[in-house]
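Peer 1: Okay, here's the structure, questions in a sec.
No value in this document is a laboratory result; all are computed from the given coordinates. The structure displayed is predicted, hence computed values, not measured ones. Here the Cβ is made from the backbone with ideal geometry for all residues, glycine too, and neighbour counts use every protein chain on show.
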Amino acid sequence: MNKSIEPLASASSRLDPSDLGPVVEMALVEATRRGASGAEAVAALSQGLSVNVRMGELETVEHTRDRGLIITVYLEQRTGTASTSDYSPTSIKDTVQAACRIAEYTETDSCNGLADSDRLAMDFPNLDLFHPWNPSVDDACDMALECEQTAIDHDRRIENSEGASVSSHEGHEVFATTSGFWGESRKTQHGLSCSVIGRDDSGMQRDYWFSSSRQAAQLDKPDIVGLEAARRTVRRLDARKIGTCQVPVLFEAPVASSLISHFVGAISGGTLYRKASFLLDQVGQQIFPDFVQIYEQPLLKCAQGSAAYDSEGVTTSSDNVITNGVLQRYLLGSYSARRLGLETTGNAGGIHNLTAASGDQDLTDLIGGLENGLLVTELIGFGVNMVTGDYSRGAAGFWIENGQIQYPVEEVTVAGNLKEIFSGLCAIGKDVDTRRNIRCGSILIDGLTVAGD
């Protein structure tokens, strides 16, 4: 493939963020003219570049430019939503008309409506989320090739590759409502990843590693990402099966966040008002041991989940979700809050840098404290019942004896109940993974069932 493709930087002028405000304003005016009792509109422009290489060759180049308008109208207690990628006045009017027509056919719901005006964000601090990078295809390709080659050169047992990729993305968004809210945001997201395959007499194994940041300068160097991908792959070779047992299970930080994500799902509004959560009516109850603290940090600079307002324009807050193991609040948007007879928590659209406070031990310390147990480095499938809390997922990792990793393990299932898993949490490591919206270190759980042979 020819690498001399137009670099992203030279095309950025085609996307003009100044177009977004007039588009949103026109949509809201049209909604009011058509009799909407309330409306909200979000207009966005984004552009990105993704370059993938495999086995030393450029494989794909994806260069994207997108724009869109989403309008939601409220006809008293009925609601309708429509979208378009055409910013012409005619298209905007047609889209608003489509949303109004949809609303006419929906059921009335007393919980529908815009967020309460007194909860809307008024302050918009600079969260340092916008750092355009715009690499050329050639530069991105060179980075990906270096990353992959470092991985392949690390060990002769690395014999194949699933590829390495470099990506860069930037987006601009304006969100406004007829109740007076007006918010604008600009964000970037850049990444570098690599996945390779190793083989020995026992068979093949694969693993990967990645780096992600709002700032390209904060990405790990290509050789570091490639080396870690190779190291993680090689250490999984000669994996064994183990017999069924009940032992402590240590979830490495990159997969430990999945446990917290199940907790998030169980205390989120949609799950709760549908009565589909094993943590229904648990505010004020002990969920985790008393040393566990979990809180949101929406105003962290340059972080993955930072935002001054949620997807309804409601102010986000740095607030505790778990204090001394006790559930303090649910995660609610305006609709779910009204269904539950509560108030929104500024979580329409999700969480904002949900953080589990770490202890003073790193992963090596936690491993060293186990007489025997399982270190989980990969989870497979999604065997989680949010109604009962039953948990069963395929896993791979390493068997621990006398505080030392003994050998890699594959084809096991880790099972239990999330209520018991949460209450059996023994430690949270200080090896915090900050690449995601959930920020936590490795998590040690006492006494899970590991199903093997």
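Peer 1: Given R₀ = 25 Å, what would the calculated FRET efficiency be for Thr32 paired with Asp118, taking r from the Cβ atoms and rounding to 0.05?
Peer 2: On the way: r = 21 Å, r/R0 = 0.85.
E between Thr32 and Asp118, to the nearest 0.05, is 0.75.
Peer 1: State the extension gain, in nm to one decimal, for the chain segment bounded by Tyr407 and Met204, taking 0.36 nm per residue of separation less the distance between their alpha-carbons. Don't skip to the end; give the middle numbers.
Peer 2: Values: separation 203, 0.36 × 203 = 73.08 nm, distance 1.54 nm.
Full extension of this stretch gives 71.5 nm more.
Peer 1: Excluding residues on the same chain fewer than 8 positions from Lys221, give the lysines whose Cα lies under 29 Å from its Cα.
Peer 2: Cα-Cα hits under 29 Å: Lys3, Lys187, Lys301, Lys430.
Peer 1: What is the dipole size for the stretch 8-233, taken about its Cα centre, with +1 at each Lys and Arg Cβ and -1 at each Asp and Glu Cβ, in debye to the nearest 20?
Peer 2: Working: 20 positive and 37 negative charges, 80 e Å.
For the stretch 8-233, the charge dipole is close to 380 debye.
Peer 1: While we're here: Here are some values of semi-axes √(5λ) of the Cα gyration tensor in Å: (1) 38, 29, 19; (2) 41, 31, 18; (3) 31, 28, 19. Which one was computed from this structure?
Peer 2: Only one listed value fits the structure, namely (2).
Peer 1: Roughly how many nanometres apart are two label points built 7 Å out from the Cα toward the Cβ at Gln297 and Asn320?
Peer 2: 1.7
Peer 1: I need the trypsin sites (Lys or Arg not before Pro) found in the stretch 99-179, filtered to DSSP loop residues with at most 14 other beta carbons within 10 Å of theirs. Could the numbers behind the result be given before it?
Peer 2: Numbers: sites: Arg101, Arg119, Arg156, Arg157; in loops: Arg156, Arg157.
Sparse-neighbourhood loop trypsin sites (Lys or Arg not before Pro): Arg156.
Peer 1: Select from Leu192, Val61, Gly180 the residue farthest towards the positive end of the dipole of the stretch 8-233; place +1 on Cβ of Lys and Arg, -1 on Cβ of Asp and Glu, and compute about the Cα centre.
Peer 2: Of the candidates, Gly180 comes out farthest on the positive side.
Peer 1: Expressed as a rounded percentage, what relative contact order does the chain have, with Cα pairs under 8 Å and six or more residues apart? List each step's numbers first, then the result.
Peer 2: On the way: 1171 pairs, mean separation 64.0, N = 453.
Relative contact order, the chain: 14 percent.
Peer 1: Sum up the charges of everything whose Cβ sits under 12 Å from the Cβ of Gly346, counting Lys and Arg as +1 and Asp and Glu as -1, but leave Gly346 out. Kindly include the intermediate steps, with their values, before the conclusion.
Peer 2: Working: positive: Arg119, Arg329; negative: Asp116, Glu296, Asp310, Glu312, Asp319, Glu343.
Local charge sum for Gly346: -4.
Peer 1: Could you give the nm distance between label points at Asp155 and Glu57, where each point is 7 Å from its Cα heading toward the beta carbon?
Peer 2: Roughly 2.7 nm, to one decimal.
Peer 1: Counting other Cβ atoms within 10 Å, which GluC sites (Glu not before Pro) in the stretch 352-453 have at most 16 and lie in a DSSP loop?
Peer 2: Values: sites: Glu371, Glu378, Glu401, Glu410, Glu411, Glu420; in loops: Glu371.
Those satisfying the criteria are Glu371.
Peer 1: Let me ask you something else. Please arrange Cys111, Cys426 by how many other C-beta atoms lie within 10 Å of their C-beta, fewest to most. List each step's numbers first, then the result.
Peer 2: Working: Cys111 13, Cys426 18.
Fewest-to-most ranking of Cys111, Cys426: Cys111, Cys426.
Peer 1: Sticking with this one: Let me have the relative contact order for the stretch 8-233, percent, based on Cα pairs under 8 Å that are six or more residues apart. Spell out each step's value before the answer.
Peer 2: Working: 533 pairs, mean separation 47.5, N = 226.
With pairs under 8 Å counted, the relative contact order is 21 percent.
Peer 1: Right, another one. Just in the stretch 193-272: which trypsin sites (Lys or Arg not before Pro) are loop by DSSP and have at most 11 other Cβ atoms within 10 Å? Spell out each step's value before the answer.
Peer 2: Working: sites: Arg199, Arg206, Arg214, Arg231, Arg232, Arg235, Arg236, Arg240, Lys241; in loops: Arg214, Arg235, Arg236, Lys241.
Here the trypsin sites (Lys or Arg not before Pro) that fit, given the DSSP loop and packing criteria, are Lys241.
Peer 1: Now for a different question. Considering the zone a paramagnetic label at Leu340 would reach in this model (a point 7 Å from Cα along the Cα-to-Cβ line), which residues of the stretch 273-290 have amide N under 16 Å from it?
Peer 2: Residues 273-287 qualify, since their backbone N sits under 16 Å from the label point.
Peer 1: May I pose another question? Assign one of three labels to the stretch 8-233, namely rounded, prolate or oblate, based on the Cα gyration tensor with a ≥ b ≥ c the square roots of its eigenvalues; rounded applies when a/c is under 1.5, prolate when it is not and a/b is larger than b/c, and oblate otherwise.
Peer 2: On the way: a/c = 2.82, a/b = 2.44, b/c = 1.16.
Taking the square roots of the gyration eigenvalues as a ≥ b ≥ c, the stretch 8-233 is prolate.
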